[in-house]
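Just below is one structure, and these are the notes that go with it.
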Amino acid sequence: MSSIKLEKDWLDILQPEFEQPYMKALKQFLQEQKDAGKTIYPKGADIFNAMNMTRLQNVKVVIIGQDPYHGPGQAHGLSFSVPKDVRLPPSLQNIYKEIEAEYGYKMPRTGDLTGWAEQGVLLLNATLTVEAANAGSHQKRGWEEFTDAIIRAVNERCEHVVFMLWGSYAQKKGAHIDRKKHHVLQSVHPSPLSAHRGFLGNGHFKAANDYLEAKGRVPIDWQKI
């Protein structure tokens with residue numbers, strides 16, 4: 001991770017985390033995985049994309065995922081997002097279905113959510129790397145502590161942010177968010193296994209924009225990706 005560049009606003013706040021024992025152990029683990037010839041997603045330059053594309057001072061919405069995608073060409077450092085020309089993952093298809101139901105327009109068929117990130121949507125996975133074809137393989141190696149620090153920074157340093165917590169994992173991750181200062185939206189996960197039990201029809205995308213507008217913030221154009 002020594003070659004990774006992290007946007008200055010974030011680095012100024014997160015620098016102490018890189019000196020913590022957990023982060024040094026994580027760096028060693030990743031090096032050992034690389035030395036063993038294992039393929040790790042996303043590529044090194046993309047690991048911190050969520051922060052590099054969404055500066056701390058610009059955060060309006062936080063969408064918390066769990067792991068990066070573990071298939072070839074899928075992960076690029078933004079939760080739920082895939083690069084252009086990559087087939088839409090099932091959870092993202094359901095996210096698009098919900099936006100289409102709320103707003104009445106058809107979403108683009110690309111799954112690259114960079115346009116959201118550039119508008120202030122922090123697309124943060126709890127774990128920032130994964131071994132190819134091995135879901136959850138880099139959990140409990142230190143990333144969770146690091147991404148907790150990111151959520152803490154948003155909670156403490158930003159005003160009027162919408163946190164979308166989909167599924168029990170994200171809800172636990174966001175348990176300490178100050179709900180008097182920010183707006184928390186919760187539902188089941190958009191995965192096909194659970195989406196029909198409360199994700200589809202949750203109204204989160206309009207609710208987020210209604211809140212942002214009520215607080216004098218520019219809403220998110222969800223169709224701009």
Would you list which aspartates and glutamates come within 20 Å of Lys224, measuring only between C-alpha atoms, while excluding same-chain residues fewer than 8 positions from it?
Asp85, Glu98, Glu100, Glu102, Asp112, Glu118, Asp210, Glu213
Looking at the chain as a GNM with Cα springs under 10 Å, which of Leu165, Leu30, Leu78 has the largest mean-square fluctuation?
Leu30
To the nearest µm²/s, what D does Stokes-Einstein give for region 24-121 at 10 °C and 1.306 mPa s, using the Kirkwood radius over alpha carbon pairs as Rh?
107 µm²/s
So for region 88-225, taking the charge dipole from beta-carbon charges (+1 Lys/Arg, -1 Asp/Glu), which of Asn134, Pro90, Leu165 sits furthest toward the positive end?
Leu165
Using Cα pairs under 8 angstrom and six or more residues apart, how large is the relative contact order of the chain, in percent?
23 percent
Testing the spin-label approximation: label points 7 Å from Cα along Cα→Cβ at Glu32 and Ala135. State their distance in nm.
2.5 nm
Spatial separation of Cα centroids for region 28-56 and region 172-225, in angstrom
27 Å
Go ahead and set up a Gaussian network model of the chain, Cα springs under 10 Å, then flag whichever of Met53, Met164, Met107 fluctuates most.
Met107
Take the Cα atoms of region 160-225, build their convex hull, and give its volume per residue in Å³.
94 Å³
Among region 40-58, those whose backbone N falls under 20 Å of a label point 7 Å along Cα→Cβ from Lys5 are 42-58
Among the complete DSSP H segments of the chain, which ones combine at least 24 Å of alpha-carbon extent along their axis with a mean Kyte-Doolittle hydropathy of 0.5 or more?
none
Treat each spin label as a single point 7 Å out from the Cα along the C-beta direction, and report the Lys43 to Ser191 distance in nm.
2.9 nm
Residue-span extension gain [Glu19 to Gln93] - 0.36 nm each, minus C-alpha spacing:
22.7 nm
Counting each DSSP H run of 4 or more residues in the chain as -39500 (n - 2.57), what helix-only mean residue ellipticity at 222 nm follows after dividing by all residues, to the nearest 500 deg cm²/dmol?
-11000 deg cm²/dmol
Accessible-area order for Lys181, Lys34, largest to smallest, probe 1.4 angstrom, reads Lys34, Lys181
Taking 21 Å as the cut-off for C-alpha to C-alpha distance, list the pairs among Lys173/Lys215; Lys38/Lys140; Lys5/Lys43; Lys60/Lys215; Lys84/Lys106; Lys24/Lys140 that go past it.
Lys173/Lys215
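The values are calculated or read from the model by the stated rules, or taken from the named source; none is laboratory data. Since the model is a prediction, treat every value here as computed from it, not as a measurement. Note: ideal-geometry Cβ built from the backbone for every residue, glycine included; neighbour counts use all protein chains shown. Surface areas here come from the heavy atoms of the whole protein model, side chains and all, with no ligands, DNA or RNA. Shrake-Rupley method; radii C 1.70, N 1.55, O 1.52, S 1.80 Å.
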